[in-house]
Each structure stands twice: as C-alpha cells, then as structure tokens.
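K.L.:
Pasting a structure below so you can have a look.
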Amino acid sequence: SVLMGVAVGVTALAFHLGGPKVGVFLLLLLPALAAAGPHIWLRRRVSSRFDAVTNDLPDVLDLMTISVAAGLGLEQAMQVTCAHFESPVCDELALTLREMELGLSRHDALENLKLRTDIDDLVTFSVVLSQADQLGLPIGRVLQAQGDEMRDRRRQRARERAAKVPVK
C-alpha cells in the first residue's frame, strides 16, 4: 500500500496533475496514509471484537447456566451455547472445546483461552472456571454468579458511555 501511494504520488508529479505543489504533497501524503491505513483498520477490528465479546458474554453465560441447570456438563453446555449463538465469544469457546477434544485438559484449554483473548471479562471467566474445577465447586452456581457479575459490568459500561455523551 505504501508503494502504491508512492506510485500515485510520482504519477501525479510526473504528469503535473494539479501542479508541482500538489504532486509533492501527494507524494508525501499518500504513502503516509497508506502506511497508517492497515494499522487503523486492524485497531478498529480489534476494538469492535472486544466490544462484541464484552457485550455478548453475559448472554452466553446465561445460556450456559440454563444448560448446566438442565443437567448438561460444562462441555456440553458450551456446545449448546455455541450452536445457538453467532458471536466472537462462541468462536473462542468453540476453539476451547476443540482443544479439549484434542486431548488438552480443561484447565489448559481455559488457560489458552485466557492467553488468546486477553479480554478482562473472559480472563475472569476462565480463571473462575479453573478454580471452580480445582476446588470442586458446582459449575451451575459459578456460572450464575459470573453471569450476574458480567451483566452488572455491562450495565456500568453503558452508564459510563451515556454519561460521556453530553460532554462530547
């Protein structure tokens, strides 16, 4: 993309499109914009994925809680959730399930989820599930508590954004 910007700038300069000042300006501006473009695009994609994960996680946890309360295990609840939701959270859970199917322990798969995403809510989710698994706590109650906490966090974030609107 930088080379394309240089080529357009050189073409504008060579053919005197808009005069020599415009050609030099394009020769300097287009490569800079072309270099910054992919970084800006990627940053926006990361931000939108982060927002999607943090907004969808409470709903995913609620469905997992209902599935566990209905008698399914954690892995089966994750599969049911992934089948009913189309979300980046479900993509990450599906990848975690795939790792468990390939022989990784639940703890290691959740640790990989934590390292892969680096989103605070998912990190908290994976740590709490690992601890509940190690301590033998009922998964249904842990998922219920996590869902309530994540819903409260989502509500707080929405209030913070709403409070910033008049200032902007």
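K.L.:
Which of the residues belonging to the range 4-19 are free of Cβ contacts under 8 Å to residues at least 24 places away in the same chain and open to solvent by 90 Å² or more (accessible area, probe 1.4 Å)?
P.N.:
PHE15, HIS16, LEU17
K.L.:
Return a yes/no flag: does the range 144-162 have any residue that is within 27 Å of ARG45 (Cβ to Cβ), open to solvent by 50 Å² or more (accessible area, probe 1.4 Å) and not in a helix (DSSP H, G or I).
P.N.:
Within the range 144-162, none of the residues are within 27 Å of ARG45 (Cβ to Cβ), open to solvent by 50 Å² or more (accessible area, probe 1.4 Å) and not in a helix (DSSP H, G or I).
K.L.:
Anything in the range 132-168 that is touching a residue at least 60 places away in the same chain (Cβ under 8 Å) and closer than 17 Å to VAL89 by Cβ? List them, or say none.
P.N.:
Within the range 132-168, LEU143, GLN146, GLY147, MET150, ARG151, ARG153, ARG154, ARG157 qualify.
K.L.:
Further, regarding this structure: Conditions first: (1) free of Cβ contacts under 8 Å to residues at least 60 places away in the same chain; (2) touching a helix residue (DSSP H, G or I) at 6+ places or on another chain (Cβ under 6 Å); (3) open to solvent by less than 70 Å² (accessible area, probe 1.4 Å); (4) not hydrophobic (A, V, I, L, M, F, W, C). ASP62 passes all but one, so which condition is the exception?
P.N.:
Here ASP62 meets the rest and fails (1).
K.L.:
Right, another one. Please name all residue pairs, on different chains or six or more residues apart, with Cβ atoms under 8 Å, provided the first residue is in the range 90-106 and is open to solvent by less than 50 Å² (accessible area, probe 1.4 Å) and the second residue is among the hydroxyl-bearing types (Ser, Thr, Tyr).
P.N.:
Qualifying pairs under 8 Å: CYS90/THR81; GLU92/THR117; LEU93/THR81.
K.L.:
Can I ask one more? Is one or more of the residues making up the range 120-131 over 16 Å from the mean Cα position of the chain (by Cα), closer than 16 Å to PRO58 by Cα and either crowded, with 19+ Cβ neighbours inside 10 Å or touching a residue at least 24 places away in the same chain (Cβ under 8 Å) (or both)?
P.N.:
Among the residues of the range 120-131, at least one is over 16 Å from the mean Cα position of the chain (by Cα), closer than 16 Å to PRO58 by Cα and either crowded, with 19+ Cβ neighbours inside 10 Å or touching a residue at least 24 places away in the same chain (Cβ under 8 Å) (or both), which makes the answer yes.
K.L.:
The conditions are (1) over 17 Å from the mean Cα position of the chain (by Cα); (2) open to solvent by 40 Å² or more (accessible area, probe 1.4 Å), and GLY73 fails exactly one of them. Which is it?
P.N.:
(2)
K.L.:
If we keep just the residues of the range 1-21 that are not in a helix (DSSP H, G or I) and not hydrophobic (A, V, I, L, M, F, W, C), which is nearest to PRO31 (Cα to Cα)?
P.N.:
Here the residue is SER1.
K.L.:
Out of ALA158, ALA162, ALA132, I need the residue that is over 22 Å from ASP51 (Cβ atoms) and not hydroxyl-bearing (Ser, Thr, Tyr). Which one?
P.N.:
On inspection, the qualifying residue turns out to be ALA132.
The values are calculated or read from the model by the stated rules, or taken from the named source; none is laboratory data. This structure is a prediction, so every number in the text was calculated from the model and none was measured. No Cβ is skipped: glycine too gets one built from the backbone with ideal geometry, and neighbour counts run over all protein chains shown. Ligands, DNA and RNA are excluded from the accessible area calculation, which covers all protein heavy atoms including side chains. Shrake-Rupley method; radii C 1.70, N 1.55, O 1.52, S 1.80 Å.
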